[in-house]
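Enquirer: My questions will all concern the structure given below.
The values are calculated or read from the model by the stated rules, or taken from the named source; none is laboratory data. Everything numeric in this text was worked out from a predicted model, so none of it was measured. Reconstructed Cβ throughout: ideal geometry from the backbone, glycine too, with neighbour counts over all protein chains shown. Calculation scope for accessible area: heavy atoms of the full protein, side chains included, ligands and nucleic acids excluded. Shrake-Rupley method; radii C 1.70, N 1.55, O 1.52, S 1.80 Å.
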Amino acid sequence: MGDVARTHGDGSPLAEALARLGDRWTLQVIEALLAGPRRFTELLDGLPGLAPSILTQRLRALERDGVVVARPYQERPPRFSYQLTTAGHDLAGALRLLAHWGANRVGGVVEPPRHAPCGTPLEVRWYCPACGRVVDDADQGDVHHV
């Protein structure tokens with residue numbers, strides 16, 4: 001893992017994430033798999049413009065990184081269904097934030113997700129469970145990645 005970060009950035013957590021996921025198609029493949037397992041052709045059909053060779057490369061890289069697992073559903077010829085691992089599902093929140101940010105940049109304001117029981121728009125905040133404090137922009141100097 002460390003070699004990837006040193007090769008592609010400054011070793012920061014963001015550089016590490018971007019080295020593994022920061023290309024045009026990888027996050028879109030992960031997003032497509034959030035709904036559940038998909039076969040190769042289903043992924044290609046759901047991602048117009050993605051070449052089969054690029055999809056193969058992205059799926060193999062995601063498997064190496066433990067984000068996706070391939071499960072065989074046919075032996076001859078070998079065919080696989082792809083699904084997210086727990087690590088892959090952990091990216092769901094980040095993808096939602098990026099999608100919301102992107103949607104607000106094209107065509108105006110997009111409604112944030114709402115809490116179904118009361119209808120209140122949801123907000124994302126960092127929270128320290130040890131001291132019970134919400135960390136906001138003013139506290140960013142107190143945030144350290146280990």
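Enquirer: Kindly rank 27-35, 127-135 from highest to lowest mean number of other beta carbons found within 10 Å of each residue.
Expert: Values: 27-35: 18.1, 127-135: 9.1.
Taking the mean over residues of other Cβ atoms within 10 Å, the ranking is 27-35, 127-135.
Enquirer: Okay, moving on. Could you tell me what percent of the accessible area of the stretch 51-101 is made up of carbon and sulfur, with a 1.4 Å probe and every protein chain present?
Expert: That fraction is 54 percent.
Enquirer: May I pose another question? Give me the number: length gained by fully extending ASP90 to SER12, i.e. 0.36 nm times residue separation minus the C-alpha to C-alpha distance, one decimal in nm. Write down the numbers at each step before the final one.
Expert: Numbers: separation 78, 0.36 × 78 = 28.08 nm, distance 1.89 nm.
This chain segment gains 26.2 nm when fully extended.
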